[in-house]
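Comments concern the structure below.
Coordinate-derived values only; no laboratory data. This one's a predicted model, so the numbers in the text were calculated from it and none came from an experiment. Using ideal geometry, Cβ is built from the backbone for each residue, glycine included, and neighbour counts are taken over all protein chains shown.
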Amino acid sequence: MSADEVLLEAEDHMQKSVEATKRELTTVRTGKATPALLDGVRVDYYGSLVPLKQVAGVAAPEARLLTVQPYDKSALGEIEKAIRASDLGLNPANDGNLIRIPIPQLTEERRKELVRVVRGMVEQGRVAVRNVRHHANDKLKHLEKDGELTEDEHKRHLKSVQEHTDNFVKQLDEVLKVKEAELMEI
């Protein structure tokens with residue numbers, strides 16, 4: 001593996017860490033209705049736990065309302081039960097055809113608690129990016145030991161890895177700032 005391949009691989013893994021963190025943040029409930037809120041819900045469908053979006057369509061027709069339209073009406077009760085059992089604190093209403101889920105206002109205390117949770121998620125993303133940096137630096141060190149890189153090339157590549165790390169950590173900080181503002185918005 002060449003030094004350039006190490007850099008490309010590190011950049012790719014860092015990008016994936018940022019994307020994974022962004023996906024994880026979509027599951028945190030803000031005051032607004034978003035279909036991604038239900039991404040983590042699993043439904044017992046004929047004896048198998050499957051993601052909600054495999055058995056129903058989820059929409060946000062209003063800012064504070066989600067609707068769940070099952071593809072198979074016989075799954076309506078199981079879908080409702082799964083939403084109630086999730087740790088989202090939602091109270092679905094089943095009308096026989098459609099499940100309506102009103103999204104309640106968040107209390108100030110709950111908003112602050114969610115900000116702490118979000119900060120923890122973003123910190124995990126930062127740690128993942130730093131771990132990628134660590135592995136890339138180790139690979140570069142081995143390339144230098146094996147004589148495939150000069151000392152100057154090694155230092156230049158280490159600097160490049162650090163620049164990528166700083167860039168992706170900065171992206172995570174921006175994502176955190178946006179999510180915190182979203183959570184604290186009334």
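In percent, rounded to a whole number, the relative contact order of the chain is 26, using alpha-carbon pairs under 8 Å and six or more apart. Computed from Cα atoms, the angle from the helix 3-25 axis to the main principal axis of the chain rounds to 20 degrees.
Using Cβ counts within 10 Å as a stand-in for footprinting exposure, how do MET14, MET184 rank, fewest first? Walk me through the intermediate numbers first.
Details: MET14 26, MET184 15.
Sorted ascending by nearby Cβ count, the order is MET184, MET14.
Principal-axis analysis of the Cα atoms of the chain puts helix 76-85 at an angle of about 60° to the longest axis. In the elastic network of the chain, a GNM with C-alpha springs shorter than 10 Å, the most mobile of GLU144, GLU109, GLU163 is GLU109.
Dimensions of the range 35-102 along the principal axes, based on C-alpha atoms and rounded to the nearest Å, stand at 33, 24, 17, largest first.
Tell me which label goes with the value of percent of Cα pairs over 26 Å apart computed from the coordinates here: (1) 49; (2) 33; (3) 44. Checked against the structure: label (1).
Seen against the Cα atoms of the chain and their longest principal axis, helix 151-184 is set at about 20 degrees.
Each stretch of four or more DSSP H residues adds -39500 (n - 2.57); spread over every residue of the chain, this sum gives -20500 deg cm²/dmol at 222 nm.
Using the alpha-carbon centroid of each, what span in Å lies between the range 117-186 and the range 84-106? Their Cα centres are 39 Å away from one another. Sequence-distant contacts, meaning Cα pairs under 8 Å at least 6 residues apart, place the relative contact order of the range 35-102 at 28 percent.
How do THR21, THR34 rank when sorted from fewest to most other Cβ atoms within 10 Å of their own Cβ?
Ranked by crowding around the Cβ, least crowded first: THR34, THR21.
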